[in-house]
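I have placed the structure first, in the form of structure tokens, so that the comments after it can refer back to it.
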Amino acid sequence: MHELLLFILFIAIFLAGMSVLRIGLFNMSGAALKTFLSKVTDKPWKGFLAGTIFTGILQSSSAVMVMTVGLVSAGSLTFPQTIGIILGTNIGSTFTAEFMTFSLDRWIIPGVVSGAFLCFMPKALPRSLGMSLIGISAIFAAMSGFKTLSTPIAAYPSIQTLIHYIEGHMSYALIAGILLTALIHSSSATIGIAMSFLMNGELSVSSAIIIMLGSNIGTCITGYMASIGSGRQAAFTAYAHIWLNVIGVAAFLPFVDILESTAAYFTENKGTQLAHASVIFNILTSLAVLPFARQFSNLILLVHRPHLKK
């Protein structure tokens, strides 16, 4: 039982690390990001680039989605302008998965020490950089913990049963990815957990990919919650995020084997294959929708406008 409690602790450390990293990065660039988002999203492709870059900078699609919903609610953005941003966040979020494939365990303690030192600096920039270093170190410490504990946790009868269902049924893997991500509000954490079980041989690549696909749906919960009570335009933005990810996942589920073999073409490392699969999925789905961003926004308005009060 203590392994399971320790695993939950590492999940908390991962989430805390993501939060500290995001705060540090946002303090360095947040005001500029908001201003830039509100000014350069007159065309879908501009919003697409902005969403990709900013999500990569903040290491969180949820953070950019919440920011976008807030800008829409404040009237700084209109709903159609957000489609490109949403598509961009899906690609930008894959940077974190690729980032987690690197082995930086030996830099964890130096990172924490250096970050703590910088946090005591009088100027804001070094303090923000220090927070970012602490956040990155916490993420890699959590990933190391996931890898260490995945094997003993997989030996639990209940976990063995869950893994058996996930391996035998695509729907269970998908639901696991959706529910875990909705619960912890982090697709990156879900992918990190799947990656640790995958690299220790407890999960197959195809099952890990399906969990990753589910995490893309589960991450929509954060934007949806932020839209509650924020007006119709914000609600449209949240619904667009949900539909884009649901449709993309549904389109890719029949081709998981092709996605797996394509990712395997670039690397033999299974953890990196999962990260590459996430990149391929999000790039293809986003680029497929981008030329039809205006039509898609009109479809969302057609479907949801009658059900939302002014």
_chymotrypsin sites (Phe, Trp or Tyr not before Pro) restricted to region 112-150 and DSSP loop, no more than 11 other C-beta within 10 Å_ = 120
*Per residue, how many Å² of accessible area does region 200-310 show with a 1.4 Å probe?*
47 Å²
*Taking only protein heavy atoms and a 1.4 Å probe, what accessible area per residue, in Å², does region 134-186 have with all protein chains in place?*
47 Å²
*Could you please state how large a percent of the accessible area of region 225-310 is carbon and sulfur, counting protein chains only and using a 1.4 Å probe?*
66 percent
*How are the C-alpha pair distances of the chain spread across 20 Å bins, as whole percents from the shortest bin up?*
34, 57, 10
*Under Karplus coefficients 6.51, -1.76 and 1.60, residue-wise ³J(HN,Hα) of region 179-193 in Hz, glycine/proline x*: 5, 4, 5, 5, 6, 9, 6, 7, 5, 5, 5, 4, 5, x, 5
*Which order do 106, 22 take by accessible area at a 1.4 Å probe, largest first?*
106, 22
*For region 91-104, in order, what is each residue's ³J(HN,Hα) by Karplus, 6.51 cos²θ - 1.76 cosθ + 1.60 with θ = phi - 60°, in whole Hz (x at glycine and Pro)?*
6, x, 5, 6, 4, 5, 4, 5, 4, 6, 6, 6, 9, 10
*Size of electric dipole in the chain: Cβ of Lys, Arg +1 and of Asp, Glu -1, about Cα centre, debye, nearest 20*: 1340 debye
*asked:* So if I restrict to the alpha-carbon atoms in region 205-298, what is the Rg, and what is Dmax, the biggest pairwise distance, in Å?
replied: 15.0, 48
*Between the alpha-carbon centers of region 67-137 and region 233-275, tell me the distance in whole angstrom.*
22 Å
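The values are calculated or read from the model by the stated rules, or taken from the named source; none is laboratory data. Keep in mind it's a predicted model, so treat the numbers as computed, not measured. Cβ atoms come from the backbone with ideal geometry, glycine included; neighbour counts cover every protein chain shown. The area values use the complete protein model at the heavy-atom level, side chains included, leaving out ligands, DNA and RNA. Shrake-Rupley method; radii C 1.70, N 1.55, O 1.52, S 1.80 Å.
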